[in-house]
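Structure record follows, encoded as structure tokens.
What follows draws every value from the coordinates through simple rules; no lab data is involved. This structure is a prediction, so every number in the text was calculated from the model and none was measured. FYI the Cβ positions are ideal-geometry reconstructions off the backbone, even for glycines, and counts take in every protein chain you see.
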Amino acid sequence: MTIKQLATALSLMIFSSMAFAHTGEGINTGFASGFWHPIMGWDHVVAMVAVGLWGAFLGAPAIWILPVVFPLVMAIGGALGIAGMPLPAVETGIALSGVVLGLLIVFAVKAPLWIAAVIVGIFAIFHGHAHGTEFPTEFNAYGYAVGFVIATGLLHLIGIAFGFLTKLDFGASLVRLGGAIIALVGAGYLFGVL
Amino acid sequence: MVYPSRSILLLLTSVLLPNLAVAHSFGAGTDQFASFVEGASVVIFDQVTLFATLSLGLMIALWKNRGVVQALPLFVVGLVLGFLLAPSVTTWVMMGATVVGAITATLGASLNQQFKPLTLILALFTGLLVQMVSLEGHVWMELSVSIYVGVTLGAILPVMLGAATGELLLEKLPATFSRIAVRVACSWLAAIQIMMLAFFSH
């Protein structure tokens, strides 16, 4: 390699710009946008996972009924958000969902099924409303809906999967520790620390 | 010097100058198969009709084993009625089909046991609205027959797919797990269709 070639190669390496083709910045499809929306926000992630974890303590049929209730009610909240109907204290409600659900897991509260469904349903409206309000109009709306419902459901399933740890000797303590972390994250959002 | 034989030249000619194969075109020189695929695609690649028909399929599976045998004739009656009414409908029918799809999926997700009259009525209305969405505004026999056949089979396919998948899960997985898995799928479909309704109004 000649000095000239070496200099050219070095200058290309030193002064080259970063390629932005697949960084994920500017997600350009409705499905991807909807799918990543719940996953990119920790306040959403902890609440969705918490629903699955709490279900594990409640046992059957709650472990499966709550993930049925949540998407249904969340969609109603999403519809309200898209329609532009205001809902007070949405962000507070989302942060509170982390705190409340986290504490329910920490104390392994065994609420009756209908009460659990009501608690989860109320918080689902706040989460859905946030998704609906922040829906990006430049993307495919149907793809967005499909993406965010699937992502939400998968987060529930992750929570349920971790919830099965309660079958192990040390598992219940581990899940309760998870609940404490969820409550702390929720509190962080509630008090503006995160 | 070696010359290629006549048979090799003939073979080369036939390879290099092939004509279009018309074996599966449903009529040499016509585009019947393309029309059929186009008709089926109208249903399968449209979110409104796809989600409504999939929801019905899952609900049928939750209703009873092989329930599709009883529900499908009513679905087809709905398709025929939809064909007859299609010329008079406008865009409102998209919302109608989504409402029926959302109701079907919500009932599938919410009820422990599905009821026969409810399932059959929803099969009829789903067929009716899906056909009206697919043929919206087209007067009778305006399109080629192969398109109508494609739309009809395209509408039946997701119903069968939903019912078959649901039945497979219910038969092969443990009872406590499988039923709720199908209901979770219904709840996802319901949520998506409720969101779609909001998008329509938006």
Subject >> Residues satisfying the stated conditions in the range B:89-134, i.e. outside any helix (DSSP H, G or I) and hydrophobic (A, V, I, L, M, F, W, C) >> reply: B:Val89, B:Leu111, B:Phe115
Subject >> Within the range A:98-194, helices (runs of 4 or more DSSP H) holding 1 or more residues that are within 14 Å of chain B (Cβ to nearest Cβ) >> reply: A:113-133, A:141-163
**OP:** From B:Pro158, B:Pro117, grab the single residue that is surrounded by fewer than 24 Cβ atoms within 10 Å (Cβ to Cβ), touching a residue at least 40 places away in the same chain (Cβ under 8 Å) and more than 14 Å from every other protein chain (Cβ to nearest Cβ).
**Re:** B:Pro158
Subject >> Test: B:Ser178 is farther than 27 Å from A:Ala141 by Cα and either within 14 Å of chain A (Cβ to nearest Cβ) or not in a helix (DSSP H, G or I) (or both) >> reply: yes
Original post:
Taking the range A:71-96 on its own, how many of its residues are facing chain B (nearest Cβ under 8 Å) and under 19 Å from B:Cys186 (Cβ atoms)?
Top reply: 7
Subject >> In the range B:165-175, the residues that are in a helix (DSSP H, G or I) and either within 11 Å of chain A (Cβ to nearest Cβ) or of a type outside the set (Gly, Ala, Ser) (or both) >> reply: B:Thr165, B:Glu167, B:Leu168, B:Leu169, B:Leu170, B:Glu171, B:Lys172
